[in-house]
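Student: Quick one: the structure is below, and I'll ask about it shortly.
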Amino acid sequence: LFHRKILLKNKEIKGTKLGKTVFVIGNGPSLNDFNHTKLKNKDVIVMNNFDLCAWKDEPNIVAHCIGEPNNSDHWGEDQIEISNNTNALSYWYHYSVNDQIKKYTNINHSSPFYFIAPVIPENLFISRKFHLSSVTLGYNTTAQMAIMIAIYMGYSQINLIGFDHDMLKNRYVSPHFYEEGNGAVIVDKTNESYLSIMNRCVKMWNRYYKIKEVADANNVCITNKTKNSFLDVF
């Protein structure tokens, strides 16, 4: 309720890309082997440290997503710098960082900001649409946030690239196209039990299936074009 006003702003972008195609770019290591010339001037949605991508200015970035809440170890003013280094038509954040966004004075772009409230557990989410102007399905990854935004914007064909999702293979050690620690936060879960990592992945996959249900109900085709991806939902 306290964030209703900022969420209602999302309505201005709802359905603005009706019937079009978008590529949602994950930050998996397979992105290094992807023929990025295919994306030149194409609509894309990117996330987190895509600013480290050498060809970041080639596609048409319609949305840049940072999904970290304000209680995350990864959230901080450096996330604004990431946004500053990404030339996007819109920027999306977790609703809990709204106050911090307002306080930062080093935002040097004029594109609009939007916020998303992912608070509904997957087992309680029964809607056939993502109403981003209100509370919506919870997410485990910024990638899930990005797909929900793509559906909300009206895209009918959503292609996924860089979605390696091989967390169980490498225990979360450097699962990205860039070298962690070089302008990016190191993600290393080797001290976490494998059971804990597996349980997190089960929750993540269940949310992907929920996203697929919504997509199917709205005639949205999601295709995972990531080579050797572990994400077999799409």
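Student: For segment 1-15, which positions are in contact with a helix residue (DSSP H, G or I) (Cβ under 7 Å, 6 or more places away or on another chain), among the aliphatic types (A, V, I, L, M) and part of a loop (DSSP other than H, G, I, E, B)?
Tutor: Within segment 1-15, none qualify.
Student: Next up: Would you point out which residue out of D164, D216 is open to solvent by 20 Å² or more (accessible area, probe 1.4 Å) and either at pLDDT 85 or above or of a type outside the set (A, V, I, L, M, F, W, C) (or both)?
Tutor: On the way: D164 fails: open to solvent by 20 Å² or more (accessible area, probe 1.4 Å).
Result of the check over D164, D216: D216.
Student: Step by step: first the residues of segment 84-93, then only those that are surrounded by 23 or more Cβ atoms within 10 Å (Cβ to Cβ) and in contact (Cβ under 8 Å) with a residue 40 or more places away in the chain, then the one that is farthest from S133 (Cα to Cα). Which residue is that? Break it down stepwise before answering.
Tutor: First pass over segment 84-93, keeping only residues surrounded by 23 or more Cβ atoms within 10 Å (Cβ to Cβ): 86, 91-93.
Cutting the leftovers down to in contact (Cβ under 8 Å) with a residue 40 or more places away in the chain gives us 86, 92.
Values: T86: 24, W92: 13 Å.
Out of the qualifying residues, it is T86.
Student: Still on this structure, please answer the following. Any idea which of E81, E58 is open to solvent by 50 Å² or more (accessible area, probe 1.4 Å), assigned to a helix (DSSP H, G or I) and over 20 Å from I147 (Cβ atoms)? Write out each step before concluding.
Tutor: Numbers: E58 fails: assigned to a helix (DSSP H, G or I).
From the options E81, E58, the qualifying one is E81.
Student: Would you call V173 touching a His at 6+ places or on another chain (Cβ under 7 Å), open to solvent by 10 Å² or more (accessible area, probe 1.4 Å) and modelled with pLDDT under 95?
Tutor: No; evaluated as a whole, the condition is false for this residue.
Student: Mind telling me which of the residues S30, S83 ends up being within 25 Å of D164 (Cα to Cα) and at pLDDT below 90? Spell out the reasoning first.
Tutor: On the way: S30 fails: at pLDDT below 90.
Just a single option satisfies the conditions, and that option is S83.
Student: May I pose another question? Which of the residues belonging to segment 16-48 are part of a loop (DSSP other than H, G, I, E, B) and either of a type in the set (S, T, Y) or open to solvent by 30 Å² or more (accessible area, probe 1.4 Å) (or both)? Walk me through it before giving the result.
Tutor: Taking segment 16-48 first, the residues part of a loop (DSSP other than H, G, I, E, B) are 16-20, 26-28, 34-35, 40-42.
Across segment 16-48, the qualifying residues are T16, K17, L18, G19, K20, F34, N35, K40, N41, K42.
Student: Could you please find all residues in segment 191-234 being acidic (D, E) and either within 22 Å of I149 (Cα to Cα) or in contact with a Lys or Arg (Cβ under 6 Å, 6 or more places away or on another chain) (or both)? Spell out the reasoning first.
Tutor: At the first step, the residues of segment 191-234 found to be acidic (D, E) are 192, 213, 216, 232.
Result: E213, D216, D232.
Student: While we're on this one: Considering only residues of segment 180-207 that are under 22 Å from Q79 (Cβ atoms) and touching a Leu at 6+ places or on another chain (Cβ under 7 Å), which is modelled with the highest pLDDT?
Tutor: Going through the qualifying residues, I end up with A184.
The values are calculated or read from the model by the stated rules, or taken from the named source; none is laboratory data. Computed from a prediction, not measured in an experiment: that's the story for all the values here. Cβ: placed from backbone, ideal geometry, glycine included. Neighbour counts: every protein chain shown. In case anyone asks, the SASA skips ligands and DNA or RNA and just uses the protein heavy atoms, side chains included. Shrake-Rupley method; radii C 1.70, N 1.55, O 1.52, S 1.80 Å.
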